[in-house]
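Here is the structure we will look at.
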Amino acid sequence: MNSTIERIEHLRKELQSLLPMKAEDQQRLDKKFRLEFNYNSNHIEGNTLTYGETALLLFYDDTKGNHTFREYEEMKSHDVAFDMVKDWAKDKERPLSETQIKNLNEIILVRPFWKDAVTPDGQNTRREIKVGEYKKYPNSVRLQNGEMFHYASPTDTPIKMGELIEWFRSEEEKGEMHPVQLAAVFHYKFVCIHPFDDGNGRISRLLMNYVLLKNDLPPVIIKSDDKRNYLQALHLADIGDLNAFVDYVAEQLGWSLEISIKAAKGDSVDEDGDLDKKLSLLKKQLRNKSEDDVVLKYSSETYKQTIDEIILPLLGYWETELQKFDSLILDRNMILTVEFLDRKRVASGVNNEGLQRILYDTDRGLPKKLLVNSTLKGLRNIDNSISVNGGELTVDFFGNSYEIKTNQQEKGLNRLYHQHLDDDEIKGIIQPLTNKLFNIVEETIANNKKI
């Protein structure tokens, strides 16, 4: 851990030597952190807004997209909570309180709602989630090995939260812990209590950044595509290696400091892929301005255009992601079912070329639905007969629009025929499929048994 802290201090001193930065550079940096933190912290918890849709919402108050109203509400409210935390951090003399933490929960959850839950004995149930109040029921999580991990009981929660705040204030006053260590340990201790029925992960990251900002450090961004390493670091802390989680947080802080240094030097704060994200955002803005003027009806022409410009690129990305599993399996296949009003046609193949012939065949009418199933067969050195469901994707065709849905989505993505999918939307459709597939394969290898 010492070497990690030394790197943080080195970067911190370099940044301090460049301050104050120009107003326009500070604005670029603040905008970068605002978008990255809100998008990633919510995406980790299952919010389905894409990166581009999050930018549209935060910077232009544009709610275009096929998402629940609550997802937009929670993203905006999380942004408000982030601003609040930044304001708290500026007042270095004001001690943190339980009331403030409850206020954060009330803000990010917006209003009471019903949510699926798991009872202490592992049974599925539904509960009303209260906002701004400590939990009334036990909460728990199922670990990868199938065991249930139980957080603090509802009875113990007020006591433990009081102890947490007392510990935090004491450590602040002593000043013996490095800020990144204090922030990480505070995050971990809060998560272990899990004081609320919902929103604990988001609040833990808000509080962690409160500590960093109060100590004149930039916020830490836990990237949603690094969720696995984030949870693994928390797991290592669970089994006694708390330094592993501190190191993980420090590594992410290193990224934030490096971005801040770039901004202070007047350099670009963009990363690989940021240009594509910006172009995607511009395309969405242009699409939104013109979409009400265009209404295309389902026809042979619009169907083939949808296949060429939307379905085949989507399947192509899926194929690329599935190729990453080839070193683990013996064989894989995609089965395409095309449903017409009076019949079905089925074809199989491992790539777009193997499916195109049946997709383009409209001599006897236009399809009403496409169903694509991916199957992986045989895990190397485990069992040659194992068959793994690699995911399902359906496309429904309507009079003026099409809808794409997978077996990992509760709600499909609906678009008019002139509206195409951007890269974020394609990834948002396919990545949950491949993430689920990875979990299945990992569990099967770990257990060394058939699914």
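The values are calculated or read from the model by the stated rules, or taken from the named source; none is laboratory data. All of these numbers come straight from a predicted model, not from anything done at the bench. Reconstructed Cβ throughout: ideal geometry from the backbone, glycine too, with neighbour counts over all protein chains shown.
What is the number of the single condition among (1) crowded, with 19+ Cβ neighbours inside 10 Å; (2) in contact with a His (Cβ under 6 Å, 6 or more places away or on another chain) that I5 does not meet?
So I5 meets the others, but not (1).
Just one of the numbered conditions (1) of a type in the set (A, V, I, L, M, F, W, C); (2) at pLDDT 80 or above; (3) within 21 Å of N373 (Cα to Cα) is not true of F398; which one?
(3)
Test S204 against the criterion of being in the same structural domain as E36 (by TED's automatic domain parsing) and without any contact (Cβ under 8 Å) to a residue 40 or more places away in the chain, and give yes or no.
Considered against the rule, which asks whether it is in the same structural domain as E36 (by TED's automatic domain parsing) and without any contact (Cβ under 8 Å) to a residue 40 or more places away in the chain, S204 comes out as yes.
Considering every residue within segment 400-411, establish whether at least one is farther than 17 Å from L312 by Cβ and of a type in the set (K, R).
Within segment 400-411, one or more residues are farther than 17 Å from L312 by Cβ and of a type in the set (K, R).
Inspect segment 155-166 for any residue being of a type outside the set (D, E), out of contact with any strand residue (DSSP E or B) (no Cβ under 8 Å at 6 or more places or on another chain) and either over 21 Å from S97 (Cβ atoms) or modelled with pLDDT under 95 (or both) and give the result as yes or no. Please lay out each step first, then the result.
If we filter segment 155-166 for residues that are of a type outside the set (D, E), which is where we start, we get 155, 157-162, 164-165.
Retained after the next criterion (residues that are out of contact with any strand residue (DSSP E or B) (no Cβ under 8 Å at 6 or more places or on another chain)): 155, 157-162, 164-165.
Keeping just the survivors that are either over 21 Å from S97 (Cβ atoms) or modelled with pLDDT under 95 (or both) gives 155.
Yes: one or more hits.
Residues of segment 159-168 being surrounded by 13 or more Cβ atoms within 10 Å (Cβ to Cβ), in contact (Cβ under 8 Å) with a residue 60 or more places away in the chain and farther than 14 Å from M208 by Cα, which ones?
M161
Please state which one of E36, E45, E73, E14 is acidic (D, E), in the same structural domain as N243 (by TED's automatic domain parsing), modelled with pLDDT of 90 or more and more than 30 Å from K436 (Cβ to Cβ).
On the way: E36 fails: more than 30 Å from K436 (Cβ to Cβ); E45 fails: more than 30 Å from K436 (Cβ to Cβ); E73 fails: more than 30 Å from K436 (Cβ to Cβ).
Answer to the selection: E14.
Quick one: is E93 part of a loop (DSSP other than H, G, I, E, B) and surrounded by fewer than 17 Cβ atoms within 10 Å (Cβ to Cβ)? Full working, then the answer.
On the way: part of a loop (DSSP other than H, G, I, E, B): yes; surrounded by fewer than 17 Cβ atoms within 10 Å (Cβ to Cβ): yes.
Here the answer is yes, as E93 does meet what is asked.
So is N373 under 29 Å from L328 (Cα atoms) and free of Cβ contacts under 8 Å to residues at least 12 places away in the same chain or not?
Spelling it out, it is not the case that N373 is under 29 Å from L328 (Cα atoms) and free of Cβ contacts under 8 Å to residues at least 12 places away in the same chain.
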